[in-house]
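Here the structure comes first, spelled out in structure tokens, and everything after it is commentary.
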Amino acid sequence: MCKNNTEVAALLIPRIQPFELEKGDALIVVDLQNDFLPGGALGVADGEKVLTVINSCIDLFQAHGLPVIATRDWHPPKHCSFQEQGGPWPPHCVADTHGAEFAADLHLPSDATIISKGTDPKKDAYSGFEDTKLEAVLSSLGVRQLFVGGLATDYCVLNTVKDALENCYSVYVLKDAVRAVNLDAEDGDKALDEMRANGAIVIATMDLAA
Ligand code: VGL
Ligand code: ZN
């Protein structure tokens, strides 16, 4: 358990815009996979619009020698989250299929760390921290502050951010680098509010100093 992240967020306010990236910062790219893009099995409206934004973040982190981590939804063929198994979603991101591949237009560096989640047939995992090596990877890299973008705001971004805050990371959500499923039209906005209430700071990528 972490100390009150809202307090932590208040302490971080001196780090005002533009944000100068520094050692201990890392970029987390959440689930930028074909199935979450328009035309995919679980396509997020305007999901493709985050690609250029995230690509420029990747370039920025690379230029500063800072780590880039990409999570991916990586389900077995009969995953419990699929409707045919009684779950809420159409089949999506089945491991080693086209739908599970990262978007072709996503420019992941060759040394990016890839974190697969949702691999247990009996268990869903929206958070990149759930049953993965993400926490171990971040601590071994000395990461303290996470900048997060990707899909979808109201599921995997939300849950990854909440777990990161629980694990005592400072978290900056890149609001122009996320899009929501919005089963209810307000879900994305509610998710951003929930992340803020938990101590995340919501910024725009243009707030990052070049
Ligand atoms: C996600 C629904 C189902 C996500 C994953 O990446 O946000 N959403 N599986
Ligand atoms: Zn999934």
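Rule-based calculations on the coordinates, nothing more; no lab input. Fair warning: this is a prediction, and the values are worked out from it, not measured in the lab. Reconstructed Cβ throughout: ideal geometry from the backbone, glycine too, with neighbour counts over all protein chains shown.
The overall shape of the range 113-186 is oblate: from the C-alpha gyration tensor, with semi-axes ordered a ≥ b ≥ c, the ratio a/c is 1.5 or greater and a/b is no larger than b/c. Within the listed set Ala200, Ala41, Ala180, the residue fluctuating most in the Gaussian network model of the chain (springs between alpha-carbon atoms under 10 angstrom) is Ala41.
Straightening the chain between Thr52 and Val202 buys 52.1 nm, computed as 0.36 nm per residue apart minus the Cα-Cα spacing. As a rough guide to protection, the peptides 81-88, 138-145 ranked by mean Cβ packing within 10 Å, highest first, stand as 138-145, 81-88. Using the Cβ of Pro38 as centre and a radius below 15 Å, the other residues enclosed give a net charge of -3, where K and R count +1 and D and E count -1. Residues whose amide H lies under 5 Å from that of Lys175, counting only those 5 or more places away or on a different chain, are Ile203, Ala204, Thr205; hydrogens are built 1.01 Å from N in the peptide plane. Here the label points at Lys175 and Gln83, each 7 Å from Cα along the C-beta direction, are separated by 3.4 nm in the simple model. Close Lys pairs in the range 23-207 (alpha-carbon distance under 15 Å; sequence gap of 8 or more, or different chains): 7. Using DSSP H assignments, which helices in the chain have an axial alpha-carbon span of 18 Å or above and a mean Kyte-Doolittle hydropathy of 0.5 or higher? Qualifying helices, which must be both long enough and hydrophobic enough, are 50-63. What relative contact order, as a whole-number percentage, does the range 23-207 give when Cα pairs under 8 Å and 6 or more residues apart are counted? Reported relative contact order: 25 percent. When you count the other C-beta atoms within 10 angstrom of each residue and take the mean per peptide, 22-33, 152-163, 95-106 line up highest first as 152-163, 22-33, 95-106.
Length gained on full extension, Val137 to Glu166, computed as 0.36 nm times the residue gap minus the Cα-Cα distance: 8.8 nm. Among Pro91, Pro18, Pro67, the residue with the largest mean-square fluctuation in a Gaussian network model of the chain, with springs joining Cα atoms closer than 10 Å, is Pro18. Tell me the relative contact order for the range 102-210 as a rounded percent, counting alpha carbon contacts under 8 Å between residues six or more apart. RCO, the range 102-210: 22 percent.
Taking the empirical scaling 2.2 N^0.38 Å for compact globular proteins as reference, the range 23-207 has a Cα radius of gyration ratio of 0.94. Every helix of 4 or more DSSP H residues in the chain counts as -39500 (n - 2.57), and over all residues that averages to -7000 deg cm²/dmol at 222 nm. Paramagnetic label reach from Lys122 (point 7 Å along Cα→Cβ; backbone nitrogen cut-off under 12 Å): within the range 95-114, no residues.
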